[in-house]
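Only the coordinates and a few stated rules stand behind these numbers; no lab work does. Please read these numbers as outputs of a predicted model, since none were measured by experiment. Here the Cβ positions follow ideal geometry from the backbone for every residue, glycine too, while neighbour counts run over all protein chains shown.
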Amino acid sequence: MKIRKLLLLFGSILLFAAVFVFDATMKSLDADLGSFYIIRGIVIIIAFILITLYIEMGWKESQPTMIQRIGRVAAWAGLFVGLSVIISVLRVGDFETRAFRLFPRDYITILFSAVLSIAGGIVAAITILNIKDMLLYKRKKGTSRNFWILMIFFFLASAATIDLRPLEPSVYTTVFFVLSVVMIIVNSFRLSWIAYLSRREKIYGMVYALLAFFAFMAINILLSISDKPFLSNALLYFSYPLHSFVQLTSLFGAVYFGMAFISTLFHLPTAEAFDRKQTELSSLHNLSRLITQVFDLDELAGTVIKMTFEVCEASSSWLEIFPNEAEGKTGHGETGIVSQQNISTEEIQTILFGDPLSIRSLVFSSKKVLLIDDARNDRRTKYMTKLKKVGSLLVVPLISHQNIIGILYATKEMDFGFDQDDIEVLSGFADQVTIAIENATLIQRSLEKERLQRELMLAQEMQKRLLPQNLPTFPNVDMRAVSAPALEVGGDYYDIAMLDDRRVGIVIGDVSGKGVGAAFYMAEMKGIFQSLSKLSFSPKNFLVKANESLFSSIDKHSFISLIYAILDVATGELVLSRAGHCPMLYATPSSIEYIKPSGMGLGLSTGVKFENSLEEKRIMMQQGDVCVFYTDGVTESRSASGEEFGYERLVQVVEEHRHRSAEEIKEEIIQRVWSYTDAHGYDDDLTIFVVKWNGISH
Amino acid sequence: MNEFKISFRENGKIHVMELRGYLDAHTAPNLEEAFQKLIKEKKFHILVNCKDLAYISSAGLGVFMAFIEDIRAGGGDIKMSNMSPKVFNIFDLLGFPMLYEIFTDEHDAVKKFDAKKQATK
């Protein structure tokens with residue numbers, strides 16, 4: 001890329017140098033080699049094509065704005081005019097005219113005419129390249145075509161003069177010249193870039209376009225007046241085609257920038273409205289981008305207030321947001337100011353609460369935008385007339401699901417300061433903020449949900465660890481337990497403790513309710529069991545003491561059902577008490593029955609009432625006897641039709657399998673329950689504890 | 001989802017709540033609301049007719065425990081009647097008959113309330 005650029009530059013310099021040497025030689029020989037002039041003309045054209053390509057390559061690297069383009073063209077054209085005027089005034093060169101031919105007076109003339117001509121060619125190239133980009137901005141179907149037709153006519157008008165002697169008129173040149181002028185006019189209507197300029201840019205653009213217009217007019221006049229000044233002669237001497245090209249280009253530039261000037265002038269009155277729309281659009285765009293990125297309401301509110309200022313040119317603005325739903329419904333709450341600008345909190349208080357029928361309460365009852373055009377004289381705002389700075393006032397409610405969740409306010413010192421556009425823009429802002437608030441709320445909620453889920457997992461984990469990991473083994477007795485927690489955290493609990501060297505305490509219970517609360521009570525129950533069970537060999541005593549310690553801490557609507565049995569592993573004696581729990585199922589090889597000593601659940605009552613409700617039962621287990629403890633998850637399991645598993649089915653399955661091991665009995669029960677509930681599943685925990693007495697070993 | 005419904009009516013001076021369907025952890029808040037409403041209106045003589053109550057879970061039982069103190073402190077009571085054997089069994093297992101008066105028939109319960117009122121007069 002770099003090398004190509006350098007080649008282009010050096011190529012053109014080389015060609016220009018060759019032309020200069022040729023001219024100087026001609027001058028010194030005072031010769032006239034007619035046919036060589038065509039070759040010289042072609043060489044000059046090639047040199048200019050190279051230099052144009054060189055400029056265009058440099059162009060693509062920068063992306064100037066339209067205003068910069070006009071400014072550049074005006075500057076180059078102006079410099080060129082200045083240069084030629086200085087050279088003309090200094091009279092450093094002159095020509096003699098003989099038979100349609102120009103003869104330079106001296107070598108300096110040759111040099112200066114070459115310099116001026118090359119400069120003119122470069123200015124023309126820069127002008128064409130810039131105007132091309134302006135023409136093709138937002139191009140339509142014929143735009144590009146029109147431009148290239150113009151270029152072809154330029155080229156033909158210029159090339160037609162290649163074999164002419166300077167000053168020699170030609171029909172072809174005139175025809176192409178006229179066609180070029182027509183295309184210049186056609187192309188000069190392509191000014192679509194003006195519409196997208198801001199007001200400020202338009203003013204700059206007008207100044208630059210006017211300067212460019214004058215510069216090109218000057219070039220054009222210098223090139224075409226009949227009493228040829230030095231510039232015109234210099235170009236004609238150097239290259240007749242170049243003279244035509246520069247002249248056409250300056251004409252194009254003058255017409256195009258003249259049109260641009262007039263067009264911009266007419267666009268100026270609407271520039272403000274256009275600017276405003278542009279600001280609104282970009283504000284809304286910024287806002288919606290902010291909503292997806294920012295969940296910080298304060299930041300969002302600040303941005304909205306800032307934008308309200310920019311777009312509506314408000315003199316003060318503030319935003320209220322009501323985090324509390326109930327407050328949002330009535331409007332009788334504290335202010336929810338989250339952002340304010342150019343107004344003090346006291347002033348806002350006056351506006352919001354200065355009167356029971358304040359504009360705030362009006363908006364709360366109507367749920368519509370409220371516009372006060374003349375605040376100083378409006379009866380609705382009479383109460384705030386002491387606030388001299390409020391001339392007009394716009395109040396926009398933020399409405400979500402029929403509720404007002406916030407209010408956006410803007411004021412102006414002027415009365416009748418707000419127009420329909422302001423109402424629409426502020427309503428748009430209000431909608432965006434509403435969405436942002438809703439987003440933030442939703443995220444808050446899902447975070448909350450996640451937190452709860454984590455908590456539940458933790459409770460589940462804790463619950464698992466509260467249950468005994470292993471049951472102790474004894475030669476005479478076979479014990480097996482299982483606890484299958486429901487999907488949620490359940491309240492089932494079982495435990496076992498050695499009370500002394502031969503007595504084992506077995507407890508199974510169910511905490512009312514589910515979730516973290518149940519897990520908490522279960523943990524408490526475990527503490528109570530592990531510490532109190534060793535103090536007494538009477539299940540009833542234990543339950544009374546457990547109830548005492550539990551009653552003060554458990555909340556009113558919670559309770560724990562429990563069954564507590566103490567088994568003497570040496571003798572097979574089983575003593576049990578029941579506190580509101582499911583009865584124990586007791587199966588001997590020949591009989592099966594539920595053992596249900598009376599007793600109410602822990603935490604339901606206290607003192608004598610609780611103690612008197614309790615009974616103690618005593619059983620001497622014989623070889624092959626089975627005790628089944630369980631929670632209501634077993635009996636209350638439901639089939640697909642909604643029928644409970646019940647006590648009868650439990651009896652049946654134990655009756656069928658009582659001769660088998662504790663492990664097998666436990667498995668059979670669980671399988672029966674699961675196949676009964678089938679795909680319906682169970683929504684409660686399920687715990688089974690089986691004790692089988694194998695007889696006293698000797 | 002199993003349905004649960006509460007309907008209110010008056011039997012003389014007694015406020016009768018009829019429970020219908022499944023009373024579990026999901027529906028217990030409805031019963032809580034019902035009790036709160038009655039207590040707010042100072043209607044302390046409450047009879048819960050369980051004729052159409054199909055099931056009650058521990059969460060449902062807990063609701064009765066939550067309000068009984070306030071109601072008794074207000075000079076009233078919660079009595080229950082017309083339970084199916086299955087539902088009675090649940091109440092019975094937990095020892096509710098030792099805490100609440102449970103009647104087979106609503107009429108008996110109302111009579112008991114009235115007798116109590118007579119006695120206090």
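State yes or no: is B:M83 of a type in the set (A, V, I, L, M), under 12 Å from the mean Cα position of the chain (by Cα) and over 24 Å from A:D555 (Cβ atoms)? So B:M83 fits the description; yes.
Take segment A:157-167 and flag every residue that is crowded, with 17+ Cβ neighbours inside 10 Å and out of contact with any strand residue (DSSP E or B) (no Cβ under 8 Å at 6 or more places or on another chain). Residues satisfying the conditions are A:A157, A:S158, A:A159, A:A160, A:T161, A:I162, A:L164.
One line per residue, one yes/no per condition, for (1) under 22 Å from A:F559 (Cα atoms); (2) more than 12 Å from the chain's Cα centre (by Cα):
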site: B:E3; (1), (2): no, yes
site: B:K13; (1), (2): no, yes
site: B:F35; (1), (2): yes, no
site: B:K40; (1), (2): no, yes
site: B:K43; (1), (2): no, yes
site: B:L47; (1), (2): no, no
site: B:K51; (1), (2): no, no
site: B:D70; (1), (2): yes, yes
site: B:K79; (1), (2): yes, no
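The set of residues in segment A:537-567 that are in contact with a Phe, Trp or Tyr (Cβ under 9 Å, 6 or more places away or on another chain) and away from chain B (no Cβ under 12 Å) comprises A:P539, A:K540, A:F542, A:V544, A:A546, A:E548, A:L550, A:S553, A:Y564, A:A565, A:I566, A:L567. Within segment A:612-637, restricting attention to residues that are over 21 Å from A:G599 (Cβ atoms) and buried (at least 20 other Cβ atoms within 10 Å of the Cβ), which residue is nearest to the other protein chains (Cβ to nearest Cβ)? Checked segment A:612-637; the qualifying residue nearest to the other protein chains (Cβ to nearest Cβ) is A:S637.
For first residues located in segment A:640-654 and free of Cβ contacts under 8 Å to residues at least 24 places away in the same chain, partners that are in a helix (DSSP H, G or I) and lie 6+ apart or on another chain with Cβ distances below 7 Å form the pairs A:E644/A:T635; A:G646/A:T635; A:V653/A:E668; A:V653/A:I669; A:V653/A:R672.
Set side by side, the residues B:A59, B:A25 differ, and just one is within 14 Å of chain A (Cβ to nearest Cβ), within 30 Å of A:G646 (Cα to Cα) and in contact with a strand residue (DSSP E or B) (Cβ under 9 Å, 6 or more places away or on another chain), which is B:A59. For segment A:574-602, residues that are of a type in the set (G, A, S), touching a strand residue (DSSP E or B) at 6+ places or on another chain (Cβ under 6 Å) and not in a strand (DSSP E or B) total 2. For segment B:62-93, the set of residues classified as farther than 15 Å from B:D24 by Cβ and at the interface with chain A (Cβ under 8 Å from one of its Cβ atoms) consists of B:M65, B:A66, B:E69, B:L93, listed by residue number. The residue that is surrounded by the fewest Cβ atoms within 10 Å (Cβ to Cβ), counting only those in segment B:65-103 that are touching a His at 6+ places or on another chain (Cβ under 6 Å) and assigned to a helix (DSSP H, G or I), is B:A66.
Yes/no matrix, rows are residues, columns are (1) among the hydroxyl-bearing types (S, T, Y); (2) in contact with a Ser or Thr (Cβ under 6 Å, 6 or more places away or on another chain); (3) in a helix (DSSP H, G or I); (4) within 28 Å of A:H285 (Cβ to Cβ):
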position: A:V363; (1), (2), (3), (4): no, no, yes, yes
position: A:L371; (1), (2), (3), (4): no, no, no, yes
position: A:A375; (1), (2), (3), (4): no, yes, no, no
position: A:Y383; (1), (2), (3), (4): yes, no, yes, no
position: A:K386; (1), (2), (3), (4): no, no, no, no
position: A:I404; (1), (2), (3), (4): no, no, no, yes
position: A:L408; (1), (2), (3), (4): no, no, no, yes
position: A:S427; (1), (2), (3), (4): yes, no, yes, yes
position: A:A430; (1), (2), (3), (4): no, no, yes, yes
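Within segment A:441-467, restricting attention to residues that are exposed (fewer than 14 other Cβ atoms within 10 Å of the Cβ) and under 30 Å from A:M498 (Cα atoms), the residue that is nearest to the chain's Cα centre (by Cα) is A:L458. What is the one condition in (1) more than 14 Å from chain A (Cβ to nearest Cβ); (2) touching a residue at least 12 places away in the same chain (Cβ under 8 Å) that B:E41 does not satisfy? B:E41 satisfies every listed condition except (2).
Is there a residue being closer than 23 Å to A:G646 by Cβ, touching a Pro at 6+ places or on another chain (Cβ under 8 Å), of a type in the set (V, I, T) and more than 11 Å from every other protein chain (Cβ to nearest Cβ) anywhere in segment A:589-600? Within segment A:589-600, one or more residues are closer than 23 Å to A:G646 by Cβ, touching a Pro at 6+ places or on another chain (Cβ under 8 Å), of a type in the set (V, I, T) and more than 11 Å from every other protein chain (Cβ to nearest Cβ).
Among the residues of segment A:168-194, those identified as surrounded by fewer than 17 Cβ atoms within 10 Å (Cβ to Cβ) and either of a type in the set (S, T, Y) or under 23 Å from A:F230 (Cβ atoms) (or both) are A:E168, A:P169, A:S170, A:Y172, A:T174, A:S192.
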